[in-house]
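Novice: Below is one structure. I have some questions about it.
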Amino acid sequence: MPLLPEVKNYYGKQRLFIKGDWIDSESKIVNQNTNPATGKVISEFPEATSAEARAAVDAAHKAFAVWQDVPMRDRARLLFDMRARFEEHYTELCRVLTQDHGRTIGEAEGSVRRVIENIESACSAIYGLAKQNEHVMQLARGIDQYLTWEPLGPFLIITPGNIPMHAWSSFVPYALAAGCTVVVSPSRQNPVAAEYICKVAQETGFPPGVINMVHGGRNINNEILSQPEIKGVGFIGSNRAGHELFELCGKLRKTSSINGNGKNYVVVMPDADLNQGVQWLLRACFGMGGQRCLGVDNIVVIGDIYDEFKHRFAEAAAAMRLGYGLDTETELGPMTTQNGKESVLKWIELSLSEGAKMVLDGRYPKVEGYPNGYFLAPNILEDVHVDMQSAKEEAFGPVAALIRGDSLDQTIEWINTKTYLGHSACILTASGSAARKFIREVNVGNIGVNVGVAQPYSFFPLGSRKDSFVGSAKSRMASMRLFMDEKTVCARWV
């Protein structure tokens, strides 16, 4: 089937979005951005200067005085309008995301759909604010008491390279619903996707400065967060960067939602439906090139089904079609960056050095027509044990590690004690009692039963525990508590 057309084959030099205007940066630091499937440069983007970062903060601060005073129903109307804009630009956004990130068009369609669902969820959150307020009449003689929620102010939002649009929508619509303004600092890996989502959002007609975007790195992020006008940060990315931000928030006494790495398990019980389970796990382990927060590295297979499962899983994985994501027949796209690909290769080498063996070797695939793409085919390893370093660290690529388990109790203990990360864990089983035990006893924030990816819908928070999350509020709907604070009023009028 012919490729779907690209929106553009070259997007030129990216700009910054400050106070409602797209501006050319004066920075001398300009980076190149490539299409992961072809390796060709599709844009250039600057690293904002300190003065430009400061201008974005000033714009957000001044806009907050206006935006927080906009009536609730008018904020809701603008968010509903923003949802319509994203529907209108749906196809364009999906193709940009595929070209800039590397995922398949089907995965991009799912991701942009999640963006729209988060906007819908933020719309509902506005009206939900009225229900959060509590009012007690005649608490004492002549005294009434009530609780209100108020927006805190401008926030820094930092989005990652693996889910650039979805992560944006996990914070920004909720911040706007709460009455806050934002400075968005997108990943260097997807500057085109960041620009397009900002353009579509601004078509809605938000007051200048409500949404701002600057390209930068860790130094610029720290500089923005250190400004007194910025009240906190919403972050999705690596543990190392996230925990550094969390420490800085502590020093600055600012609020945060820090969502980091994961090392997620799927447990395959002896009574699992292997036909369906294999299909779930193809998506869980290899979907989006394995670059997903809730993706799976470790598969624990319990009982005498191990050999049959291994055979079926390897056969299905080997048949996955690699290629450019704009080809609708492609089932697995490239890694987003060459550095990401090399990192996965090092992870595999580490696992092999610890005693693991290759069941399926996808390290050096040849993809016809794309000799310069950052491709990895599915990799499956076995003879992996939970005490291996590689079994505790996220591969963040198309890799599955098969682990033999003796019992569900043993596996639950492994999940709870052998990894410091706690995004998700799933169980494949026909047993209600096994599933219930798993749900109640596993110490992670997102549990899946007969699914490969424990993906919460937008109006549920991304649970996440242990070192996978630090901060004062989870993302998505729960981020309303990040952007707002309580005020209790005690009034006597009698």
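Novice: Regarding Arg240, is this residue assigned by TED's automatic domain parsing to the domain that holds Arg436, surrounded by fewer than 21 Cβ atoms within 10 Å (Cβ to Cβ) and among the basic types (Lys, Arg)?
Specialist: Judged against the criteria, Arg240 is not a match.
Novice: Here's a follow-up. List the number of the failed condition for Ser351; all other conditions in (1) crowded, with 23+ Cβ neighbours inside 10 Å; (2) touching a residue at least 60 places away in the same chain (Cβ under 8 Å) hold.
Specialist: Ser351 satisfies every listed condition except (2).
Novice: Which condition does Gly325 not pass, out of (1) in contact with a Pro (Cβ under 7 Å, 6 or more places away or on another chain); (2) part of a loop (DSSP other than H, G, I, E, B); (3) surrounded by 21 or more Cβ atoms within 10 Å (Cβ to Cβ), if it passes all the others?
Specialist: The single condition Gly325 does not satisfy is (1).
Novice: Quick one: would you say Asp327 is farther than 29 Å from Gly422 by Cβ, in contact (Cβ under 8 Å) with a residue 40 or more places away in the chain, out of contact with any strand residue (DSSP E or B) (no Cβ under 9 Å at 6 or more places or on another chain) and not assigned by TED's automatic domain parsing to the domain that holds Asn33?
Specialist: yes
Novice: Just need a number here: residues in region 395-425 that are under 29 Å from Ala318 (Cβ atoms), over 25 Å from the mean Cα position of the chain (by Cα) and in a helix (DSSP H, G or I).
Specialist: Number satisfying all stated conditions: 2.
Novice: Testing Lys254 on (1) in contact with a strand residue (DSSP E or B) (Cβ under 7 Å, 6 or more places away or on another chain); (2) of a type outside the set (Ser, Thr, Tyr); (3) touching a residue at least 40 places away in the same chain (Cβ under 8 Å), one condition comes back false. Which one is that?
Specialist: (3)
Novice: For Ile439, state whether it is surrounded by fewer than 22 Cβ atoms within 10 Å (Cβ to Cβ) and in contact with a Cys (Cβ under 9 Å, 6 or more places away or on another chain).
Specialist: No: the conditions fail for Ile439.
Novice: Now for a separate question. Restricting to helices (runs of 4 or more DSSP H) lying wholly in region 5-120: which have 2 or more residues that are within 27 Å of Leu282 (Cβ to Cβ) and free of Cβ contacts under 8 Å to residues at least 24 places away in the same chain?
Specialist: So the answer is 90-101.
Novice: Inside region 466-482, can you point out the residues that are within 20 Å of Ala122 (Cα to Cα) and either over 16 Å from the mean Cα position of the chain (by Cα) or in a helix (DSSP H, G or I) (or both)?
Specialist: Passing the criteria: Ser472, Arg476, Met477, Ala478, Ser479, Met480, Arg481, Leu482.
Novice: Follow-up question, since we're still on this one. For region 447-464, enumerate the residues that are within 14 Å of the chain's Cα centre (by Cα), touching a residue at least 60 places away in the same chain (Cβ under 8 Å) and buried (at least 16 other Cβ atoms within 10 Å of the Cβ).
Specialist: Correct list: Val453, Ala454, Gln455, Ser458, Leu462, Ser464.
Novice: For residues in region 435-452 being of a type in the set (Val, Ile, Thr) and in a strand (DSSP E or B), which is farthest from Asp467 (Cα to Cα)?
Specialist: Applying the filter and picking the extreme gives Val449.
Novice: Would you check if there is a residue in region 133-144 being touching a residue at least 24 places away in the same chain (Cβ under 8 Å), surrounded by 24 or more Cβ atoms within 10 Å (Cβ to Cβ) and either under 18 Å from Asn212 (Cα atoms) or acidic (Asp, Glu) (or both)?
Specialist: Within region 133-144, not a single residue is touching a residue at least 24 places away in the same chain (Cβ under 8 Å), surrounded by 24 or more Cβ atoms within 10 Å (Cβ to Cβ) and either under 18 Å from Asn212 (Cα atoms) or acidic (Asp, Glu) (or both).
Novice: Consider region 333-389. How many of its residues are out of contact with any strand residue (DSSP E or B) (no Cβ under 7 Å at 6 or more places or on another chain) and either within 24 Å of Val41 (Cα to Cα) or outside the structural domain of Phe286 (by TED's automatic domain parsing) (or both)?
Specialist: 22
The values are calculated or read from the model by the stated rules, or taken from the named source; none is laboratory data. Everything quoted here is computed from the prediction, not taken from an experiment. Please note: Cβ atoms are built from the backbone with ideal geometry, for glycine as well, and neighbour counts cover all protein chains shown.
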